[in-house]
Number of protein chains: 4
Amino acid sequence: MLSGILPPLVTPFREDGTLDLAAFEANLEAYAAHELGGYLVLGSNGEAGVLDESEKLALIGATRRRAAGRLVLAGTGLESTAATIELTRKAAAAGADAALVLTPHYYKAQMRTEVLKRHFEAVAEASPIPVLLYSVPVFTGLPLPPELPAALSAHPRIVGIKESSGDLGLMGRVLGSVPASFAVACGSAPVLFPALCLGAVAGVLAVACCAPRPTAALYHAFRRGDRETALRLQRAITPLATAVTATYGVPGLKLAVDLAGLRGGVPRAPLPPAPPGARAELARLLAEAEAAA
Amino acid sequence: MLSGILPPLVTPFREDGTLDLAAFEANLEAYAAHELGGYLVLGSNGEAGVLDESEKLALIGATRRRAAGRLVLAGTGLESTAATIELTRKAAAAGADAALVLTPHYYKAQMRTEVLKRHFEAVAEASPIPVLLYSVPVFTGLPLPPELPAALSAHPRIVGIKESSGDLGLMGRVLGSVPASFAVACGSAPVLFPALCLGAVAGVLAVACCAPRPTAALYHAFRRGDRETALRLQRAITPLATAVTATYGVPGLKLAVDLAGLRGGVPRAPLPPAPPGARAELARLLAEAEAAA
Amino acid sequence: MLSGILPPLVTPFREDGTLDLAAFEANLEAYAAHELGGYLVLGSNGEAGVLDESEKLALIGATRRRAAGRLVLAGTGLESTAATIELTRKAAAAGADAALVLTPHYYKAQMRTEVLKRHFEAVAEASPIPVLLYSVPVFTGLPLPPELPAALSAHPRIVGIKESSGDLGLMGRVLGSVPASFAVACGSAPVLFPALCLGAVAGVLAVACCAPRPTAALYHAFRRGDRETALRLQRAITPLATAVTATYGVPGLKLAVDLAGLRGGVPRAPLPPAPPGARAELARLLAEAEAAA
Amino acid sequence: MLSGILPPLVTPFREDGTLDLAAFEANLEAYAAHELGGYLVLGSNGEAGVLDESEKLALIGATRRRAAGRLVLAGTGLESTAATIELTRKAAAAGADAALVLTPHYYKAQMRTEVLKRHFEAVAEASPIPVLLYSVPVFTGLPLPPELPAALSAHPRIVGIKESSGDLGLMGRVLGSVPASFAVACGSAPVLFPALCLGAVAGVLAVACCAPRPTAALYHAFRRGDRETALRLQRAITPLATAVTATYGVPGLKLAVDLAGLRGGVPRAPLPPAPPGARAELARLLAEAEAAA
């Protein structure tokens, strides 16, 4: 069910800080023109952690309405197992096709493999929709136990993982341990091409929010066996991808979305707007990435 | 306003997972017999991250009712500035004397000094009660910018910090940079005595939930100048303190609270119960700590 | 000049701890039968840090004698620039074709890009042979400044890098910033295949010491465009590669070399022999890797 | 045998990079006027890692000649057990009273407690002089196994440790686990006063090279029970201590030694000279530290 490039949709806010659902839908309308594999709503780049439940459900509903049959993946992971189950059920009711469940991570030292396994199993047991794991150590501070995906892949409703560490040794180990039906999505754009070489089937990548065309082009070049083009596109999008994640984070991504003619805006506090110097740099990197596609 | 030992109250749940407010109040009744400086409700050891808002306010209210004039510190930090402000106001209305505001930390790389400064200032501006910073890198993965406390200490409603890294070089640097009126509380029991030597005025310490007597005794021995006793008590409580934090975490702390004759119980999932082997070890360490007081 | 698979030769010792040059040469004789791109003598897996200078030069000389025209790369990096220059000159005189220069790393915080740049330039200036950078953060604790290779690639005698972090985002960034003539070797076997996809031209890999056949087969499958075989071999060697590095380190690698019918032996103290349980596991992983080739 | 403040002597070089023994002895002559507990020669701040054996022995000999009965501690730790033993014997012959043995650390993952234990025991067995452990994770990247000191304290020739992590939780755990005869020296100046409160008996501190007077004054104030003065001096030396370690490293320390009227000079490459801006800052911090004594 999971394949291709999925942008982790940004969440636009109005000047008064309230959710701007119209801007969000306008972005989806624009993405419809690109060869994408679906959408992730309520990911880290969607500022899920600063949205309340009603905002979350409104965003899922809007994505569903505008997805035109594409896959709608919704982030539903919270620190509590029970709260995650409740939100997953509501997400399903609001139209999500599958739930992307972040590893709980506040009590890092206690989040051993068995504990995480029970958490994901409990969520999957109660979920009306398929579940994917979401590991993003740069935010959670919790590395993925390499044996966890295989241990969970036997569950009929746990169907894949978004692995965002960028550690391809780990991804290779995961791919070597799970059945072919278990989908591994790459969550780190600078390693998208080598991840596809290893067997990843999708990319859920911030850079696809501001540069969907070259990102999708990389994926499709790979799929049709044109590795030279894929590698060229990889080198073209990596600087932009790094700028909208490691360097400038969500504020930079939202600015790049603006610069791409879509609706980004500024994040919710305490996340600040992107610094003044970012605009020219992002514009240049965007142009370079687009020029390569 | 902040001095002495404050237990970061654990949150008991019934077998069905719902909040057990009666058990929580029973603990407060027991703590009344000890020479404590107040209470922290909704800290990391209180599982604040898996409680909903109504549970949080009920816990603050119960603490207020049972505090008998002692300081009631309530954890109100959330990832969003606006949500933190809202919860801080409700906490004040529910009876909190001061708010302990955790550093937002999900977007770690963006949480630079200036960003954190604006967050805490915005919360303090809007808060009806004094605000203290709460830095606990073992959970947040975010080290405290050493210059942040001094930068905030000029604000009339930012009155102190709970520094839980255990890094006394950092604490010394903070103490050397803030006015004497800015309260520094030690949040790492194994360094309580040397932190008091450096100038910390309080300890907010998990071990005080299960062993309030020797922990308070250490503090009072230090205050009256009896450093030999303080050092002896430090050595007596360190193994227990380590067991109920680094080794067994909240599950171990709640078990130790049970073993001390109070009401701990098991944490909310995904936090598991303490492992079987922990019981005998915790009982022994508790007995050793109590014997020293 | 650098291409293909190079084993980082292990250094056999006699029971009394002295260098066993005959065993070392016997290994080289056995490697002659495999399609390798050359040899690295005095790498981390060769225990360079516990060899004295006369042992080092004897090992380089023996490698030269037995290399039969293959590339002889010699590790010459020391903490001091002057000492590195002196050893590099002696290595060249002893027969090394090129020097692999480890990043100095004891004073980590001071090893900024400019400082490392001057170090490598000074070594290259004085070296009679080409120089390659060697970055291996698992041992040095020093991440490679991503801009360093490009900054050095203009120097006519700095011709490449062995990048052993396994971070393909970093490797991609390096490959995107250096001229095509600058050779990037992968030093982390679990990511060999994706590194080749990205543009790496060689692999200097511990696993090639004990399993040269499947490791070389992976490389040659990739070169002839048979990516399916390459990916299959990648999955076959990864568990062995992990065992002889991350899990059991040099002691495990030397045991695996023994089990492969070559001469490994035990490391110099304080490195211990591999633990008893390692033997059966390594034998099984070796058999599985060999069966795939 | 170990008590008080010991400067970890810097190693002056002439302009041509050769050892300047006369400058080194001039420093010792100046230190004679201060109430110090002895000297460490060949520590991290003495650039031991870039000195050859003859330079090392010359420095030990010079320290012995100028020590006037004070304790001469010599750093003799190398990566190899056998090489450490050999250097320790030569150090003893050259006049060292005791050997400070750095944890071997290149093969970090293999340096488990048992391996380190065997290393230190082997060195102590063969050593003609008492041995102290030296743990400095900022350089080695290897944290001290907390149980190691107690495991080694039974050996009659292993008499103490220099613990330089600044982690007083760890130091407290060590102090609580070793006999009173086992000397614990603090190697992190910003925590000297609280370390003394915990039971440390000495400080081996870079800041004592450039500011021996206030550093020794802190120690002696503590010894005579004047904690107010000790705490005041702690706050006075911490900024300087941080500047000559964390901020500017050995280059900054050597410049501060120059500014104090002693002989520092520049480090051996690749360590660079201190940056231009450091001079004024160090001069100011030196003046402030001296003014407090």
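The values are calculated or read from the model by the stated rules, or taken from the named source; none is laboratory data. Remember, predicted model here, so these are calculated numbers, not experimental data. Positions of Cβ are backbone-derived with ideal geometry, glycine not excepted, and every protein chain shown enters the neighbour counts. Remember, those area values only see protein heavy atoms, side chains included, never the ligands or the DNA or RNA. Shrake-Rupley method; radii C 1.70, N 1.55, O 1.52, S 1.80 Å.
Can you give me the C-alpha center-to-center distance between region A:2-64 and region B:82-147, rounded to a whole angstrom?
What the calculation gives is 27 Å, centre to centre.
If I ignore ligands, DNA and RNA and count only protein heavy atoms, how much of D:Lys162 is accessible to a 1.4 Å probe, in Å² to the nearest 10?
10
Within region C:237-252, what residues put their amide N at less than 20 Å from the label point 7 Å along the Cα-to-Cβ vector of C:Ala291?
C:237-244
Under a point spin-label approximation (7 Å from Cα along Cα-to-Cβ), what is the D:His220-C:Thr113 distance to one decimal in nm?
Result: 4.9 nm between the two label points.
Rg and Dmax of the protein assembly as shown, using alpha carbons, in Å: what are they?
Here Rg and the maximum Cα pair distance are 30.5, 87 Å.
Label position 7 Å from Cα toward Cβ: report the copy-to-copy distances for D:Glu290 in nm, one decimal, ordered from shortest.
Distances between equivalent label points, in nm: 5.8, 6.3, 7.2.
By the 4.7 Å beta carbon criterion, which cysteine residues of chain C come out unpaired?
C:Cys186, C:Cys209, C:Cys210 - these cysteines have no disulfide-compatible partner (Cβ-Cβ under 4.7 Å) in chain C.
Going by amide H atoms built from the backbone, whose H comes under 5 Å of the H on D:Leu6, apart from near neighbours?
HN-HN under 5 Å from D:Leu6: D:Gly37, D:Gly203, D:Val204, D:Leu205.
Lys/Arg Cβ at +1, Asp/Glu Cβ at -1, dipole of chain A taken about the Cα centre: which of A:Pro214, A:Gly75, A:Val115 is farthest positive-ward?
A:Pro214
At a Förster distance of 45 Å, what's the computed FRET efficiency of A:Thr247 paired with D:Ala68, Cβ-Cβ distance as r, to 0.05?
0.20
If you draw the axis that swings chain B onto chain C, which residue of B has its Cβ closest to it, and how far is that in whole Å?
B:Pro143, 9
For A:Ser54, go 7 angstrom from Cα along the Cα-to-Cβ vector, then report the distances to that same point in the other copies in nm, smallest first.
Copy-to-copy label distances for A:Ser54: 1.6, 8.4, 8.4 nm.
Under a 5 Å amide H to amide H cut-off, with H placed in plane at 1.01 Å, what residues pair with C:Ala183 once short-range neighbours are removed?
C:Gly160, C:Ile161
Sort shortest first the distances from D:Ala109 to its counterpart in every other copy, using label points 7 Å along the Cα-to-beta-carbon line, and give them in nm.
2.3, 2.5, 2.8
Helix-derived [θ] at 222 nm for the protein assembly as shown: sum -39500 (n - 2.57) over DSSP H runs of at least 4, divide by residue count, nearest 500?
So the helix-based figure for the protein assembly as shown works out to -13500 deg cm²/dmol.
B:His34 versus D:Glu86, label points 7 Å from Cα toward the beta carbon: distance in nm?
Inter-label distance under the simple model: 5.8 nm.
Distance between Cα centroids, region D:203-241 to region A:163-218: provide it in whole Å.
55
Whose amide H sits under 5 Å from the amide H of D:Gly95, counting only residues 5 or more places off or on another chain, with H placed in the peptide plane?
Those qualifying (amide H under 5 Å, at least 5 residues apart or on another chain) number zero.
Size of the dipole of chain C about the Cα centre, Lys and Arg at +1 and Asp and Glu at -1 on the beta carbon, nothing else charged, in debye to 20?
The calculation lands at about 420 debye.
Over 18 Å between C-alpha atoms is what I'm after, so list which of C:Lys90/D:Lys56; B:Lys117/B:Lys162; A:Lys108/B:Lys108; B:Lys56/B:Lys90; A:Lys56/A:Lys90; A:Lys117/A:Lys162 land there.
Table pairs above 18 Å Cα-Cα are C:Lys90/D:Lys56.
Can you put B:Lys117, D:Lys90, C:Lys56 in order of accessible area, largest first, using a 1.4 Å probe?
My answer, sorted largest first, is D:Lys90, B:Lys117, C:Lys56.
Heavy atoms only, probe 1.4 angstrom, no DNA, RNA or ligands counted: give me C:Ser181, A:Ser135, D:Ser177 ranked by accessible area, highest first.
The residues order as C:Ser181, D:Ser177, A:Ser135, largest area first.
Find the relative contact order for region D:4-292 and round it to a whole percent, using C-alpha pairs within less than 8 Å whose residues are 6+ positions apart.
Value for region D:4-292: 17 percent.
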